[in-house]
Amino acid sequence: MYRSLLTVIVLLLTASFAAGADFRVSLYDGLQQFCVSKPPAPGKDSMTLTVSRNETVGFQAVVFNDSDSKMSGIEVAVENMPGVTAHVDAAAAIKVYRTRNMVSEDKYFDLLRPAGWEKVAPKSYQPYWIDFAVAKDAAPGVRNGKITFKHGGKTKSVSVQIKVSRSALPTTPTLPLAFAFQRSWIEQFYGRALTEEELFCGFDVMLAHRMGPVPMWSSSDYFFNEKTIRYCAERGMNVFLVSATGMNDAAIETSLRNHAPKMDLLRGLKLFDRTYQFAFDEILMQTDSEKRLPWMRATYEKFHEKYPEVKRLATSWPDKRLDDFTDIYVVPVGHYQPEMSEKGPVWWYSVGSAQINSSPDFRIDFPPLLQRYFFLANWRAGIDGHLYWAAHREWPFNKEIQNKERVEDEWVPSYAHGHTGARINDCGAGNLFYPGGKENVVLPSVRVKYLRDGVNDYEYLAQLRAATELLSKQRPAGWEKLLDDASNLMNFSPNLTAPPKEQLLNWYAQLIQSGSLLGINTDVFGAWKKSEHSDGGGNISLTVHPAAIREGGEAALRVLPGTDETFVFQDVPTQSGKEHSASVYIKTDDLKGKAWLRIAYLDAEKTVLQSADSDQHFSGSSGPKRFQKVEARLSKAPGKTAFLRISLVSCLEPGYGSNDKEPLAKAFFDDVSAAADNQPLSVINPGFEEKVRFNPSRSDDFFAFRNRLVDCLERICAALNESGPFANARAGRNR
């Protein structure tokens, strides 16, 4: 009897296991971010992607384990679609530790590995990234397919529709892209030299995501051979850096001689249009820059004599001392001024360093839309190229990890400072790829999907511009309407703000910059509005710099005043017949001028009825965290009063700021309050710390914009009876 009962129990258990766990599958777009502690809301059961030929696009799927048992051995099958190749990765979570720049401490699903290894804990979930690569010669039209997830005999299917346009994107991006690859960082992690096969595996992963593996910070001799150069160039690499350099005449001559074979190779392969001289990195930031500058000039001039076709880069903001021997400035984003693009070619230099105020960066915890948007910002600003300082910087720091095949459990998103060796915890800044062990030496992150798609967004704009030039010449039927539609897209929407000026962009400031650039979040500081005159609006930002916020706070308003009044203001609803007051804390830095508080009564039409400035104002340098409180008061509000306007104001002395060597004048404001008859009034975001994140509906706006790009290019191709790509596409929106 007992034996029979035991047999029944075993059979039931076996049947239960064979049936598999209860699970659900939902689909999400490519701008959703997943954290272990925050299960996502249910997604969709179908997804439609519009794509050009020779383009890869993707979206995400999530398996929800609703059972009390662990899931493993999940099978994922994508229905075959002609001309479209699918690839499925499962995401692993990386722990992000608290730093002052981050959004939140959590485990973010960032590492991608070919699916099949994943295990889903009970009542947990597992994200997947699914890419669809459309062949160059794929026939235009719609493909309807299905993605099936199978576990223990149970299956769940979701549908996908791929709309293939007749347009085609080029293999080589129009925007020059330099993402620093250093072979030694990878070899330090594995503790051995890479084989040629492993090296090319790393190249393939970067090139598949539109990033050429540019050797930037160490010897590049291993890279400069015909097989490697041809291989990378054929797969889209569009920046090859050579670094002839020297601090005396003999060293310069030796360096030029050593570089001659590399230059001969690049010339023979007709790649001089992708070749750049790059040496004396961050020259103006070096303590011995005065000593180095003459030798930089000598090197660049001698290089130009031998290779006049090759452009010379300087990772620096423009400076008269460099002007006559620098062809392209590679400007830290925080130091970029829009007028720089009007004078000549400018690249953006993206690196997570407070020293050169060069964020935005591609950190793990930053919003995906921000990271993808960065390339639309390149277009909007008229930027001609993008240099990113490191693609594998964290690998040497994590070399003690024992399980090289599964690094996610131990990976620390930090690296050692190149000079001091100090640990820098920057949440993935400078690291876009992960180790995969013997089978997959280099693995992508979710972030490189955002970046790849962002590069393609830029490409659509470049292709549109090239197509419209042909459209204007040929003038087929309906060409004027097509030209107007393309022009509106290339200039985005009329309410876009200027690109970042010289400022420290923390994650929140980046968020609002990206939102307003895309026309998604035009109310930049919530209820706070910017002054609209030419000096004011572009020089106002938020900061989280430790020396620029009040004790216990997280953010403050940072103003770079002009000679006209520069300010932000908020209109607080109120009533007549009451006395009103307001206060704010102010700190100043090298301010020749003053910073103060102003309040005013406004009627319902926003006409000023009465105003008053604070008795106190501040100037000079008050010191780190040295905030001082100022107040302003008004007597009883007139009968028509509807609002109290609170303005945070600063301005420079007349004539100040004309000398580039003068220190940057700054004013900081924090913790605003207001009262009517000593009863508090509600001031929105008084400490500038409310973090308004992009929600899923905002990504819908972004994808609507992208689909308009694809559709417009498709219609122009049809009118021209062309498919592209258009050969005269070029970087830099304004040129």
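Quick look at the numbers
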{"item": "Distant-in-sequence amide H partners of Gly43 (H built 1.01 Å from N, under 5 Å)", "result": "Leu27"}
{"item": "Of the GluC sites (Glu not before Pro) in region 252-325, those whose Cβ has at most 16 other Cβ within 10 Å and which sit in DSSP loop", "result": "Glu309"}
{"item": "Viscosity 1.567 mPa s, temperature 4 °C, Stokes-Einstein D of region 191-230 from Kirkwood C-alpha radius, µm²/s", "result": "117"}
{"item": "Cross-link partners of Lys625 among lysines (Cα-Cα below 30 Å; sequence separation of 8 or more within a chain)", "result": "Lys501, Lys529, Lys530, Lys587, Lys592, Lys594, Lys661, Lys666, Lys691"}
{"item": "Furthest towards positive pole of dipole, Val63, Val331, Pro318, structure part the chain, Cβ charges", "result": "Val63"}
{"item": "Solvent-accessible ranking of Ser37, Ser316, largest area first, probe 1.4 Å", "result": "Ser37, Ser316"}
{"item": "Pairs from Lys95/Lys227; Lys95/Lys404; Lys262/Lys438 whose Cα-Cα separation, in the structure shown, is over 27 Å", "result": "Lys95/Lys227; Lys262/Lys438"}
{"item": "HN-Hα J in Hz across region 168-180 - Karplus 6.51, -1.76, 1.60, θ = phi - 60°, x for Gly and Pro", "result": "9, 9, x, 5, 8, x, 5, 6, x, 10, 10, 10, 5"}
{"item": "Ratio Rg/Rh [Cα only; Rh per Kirkwood] for region 57-97", "result": "1.04"}
{"item": "Dipole in debye (nearest 20) - region 237-344, about Cα centre, beta carbon charges: Lys, Arg +1; Asp, Glu -1", "result": "340"}
{"item": "Potential extension, Ala704-Glu301 segment - 0.36 nm per residue separation minus Cα distance", "result": "140.2 nm"}
{"item": "Descending semi-axes in Å of region 26-161, equivalent ellipsoid built from Cα gyration tensor", "result": "27, 20, 12"}
{"item": "Cα-projected label distance for Glu605 with Asp319, points at 7 Å along beta-carbon direction, nm", "result": "5.5"}
{"item": "Simple Cβ-charge dipole of the chain, Lys/Arg +1 and Asp/Glu -1, about Cα centre, in debye nearest 20", "result": "1040"}
{"item": "Under 5 Å, built H, 5+ apart or other chain: amide partners of Ala556", "result": "Thr543"}
{"item": "For the chain, with +1 on Lys and Arg beta carbons and -1 on Asp and Glu, the positive-most of Thr420, Phe181, His304 along the dipole", "result": "Phe181"}
{"item": "Share of alpha-carbon pairs per 10 Å distance bin for region 65-140, given as whole %", "result": "16, 34, 28, 17, 5"}
{"item": "For region 240-358, the fraction of alpha-carbon pairs in successive 5 Å shells from zero, as %", "result": "2, 11, 21, 22, 20, 14, 8, 2, 0"}
{"item": "Calculated from backbone phi, Karplus (6.51, -1.76, 1.60) coupling profile of region 237-249 in Hz, x at Gly/Pro", "result": "5, 10, 9, 10, 9, 10, 10, 5, 7, x, 10, 7, 4"}
{"item": "Long-range HN-HN contacts of Ile364 with modeled amide H, under 5 Å", "result": "Gly428, Ala429"}
{"item": "Rotationally averaged projected area of region 405-450 (alpha carbon convex hull; nm²)", "result": "3.9"}
{"item": "Farthest toward positive dipole pole in the chain [+1 Lys/Arg, -1 Asp/Glu at C-beta], among Leu609, Trp596, Ile162", "result": "Ile162"}
{"item": "Convex hull volume per residue for the chain, taking Cα atoms only, in Å³", "result": "204"}
{"item": "For region 609-623, 3J(HN,Hα) per residue [Karplus equation, 6.51 cos²θ - 1.76 cosθ + 1.60, θ = phi - 60°, Hz, x = Gly/Pro]", "result": "9, 6, 9, 8, 9, 5, 5, 9, 9, 10, 8, x, 10, 8, x"}
{"item": "Kirkwood Rh, Cα atoms: Rg over Rh of region 189-280", "result": "0.99"}
{"item": "Region 130-225 - charge dipole about Cα centre, Lys and Arg +1 at Cβ, Asp and Glu -1, debye rounded to 20", "result": "900"}
{"item": "Coarse-grained scattering of region 575-619 at q = 0.21 Å⁻¹, given as base-10 log I(q)/I(0) from a Debye sum over alpha-carbon atoms", "result": "-0.78"}
{"item": "Summed side-chain charge close to Asp603 - residues other than Asp603 whose Cβ falls under 13 Å, Lys, Arg +1, Asp, Glu -1", "result": "+1"}
{"item": "Geometric extent, Cα atoms of region 207-256 - Rg, Dmax (angstrom)", "result": "13.4, 41"}
{"item": "Trypsin sites (Lys or Arg not before Pro) restricted to region 137-199 and DSSP loop, no more than 16 other C-beta within 10 Å", "result": "Arg192"}
{"item": "Solvent exposure, largest accessible area first (probe 1.4 Å, DNA, RNA and ligands not counted), of Arg475, Arg452", "result": "Arg475, Arg452"}
{"item": "The chain: relative contact order in percent, alpha carbon pairs under 8 Å with at least 6 residues between", "result": "12"}
{"item": "DSSP bridge pairs, the chain: antiparallel proportion in percent, nearest 5", "result": "80"}
{"item": "Along each principal axis, Cα extent of region 588-667, largest first, Å", "result": "50, 26, 16"}
{"item": "Where the Cα pairs of region 131-221 fall when distances are cut into 10 Å bins, in %", "result": "12, 28, 23, 24, 13, 0"}
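The values are calculated or read from the model by the stated rules, or taken from the named source; none is laboratory data. In this text, all values refer to a predicted model and were calculated from it rather than measured experimentally. Every residue, glycine as well, gets a Cβ built from its backbone with ideal geometry; the counts of neighbours run over all protein chains shown. These accessible areas exclude ligands, DNA and RNA; they are computed on the full protein's heavy atoms, side chains included. Shrake-Rupley method; radii C 1.70, N 1.55, O 1.52, S 1.80 Å.
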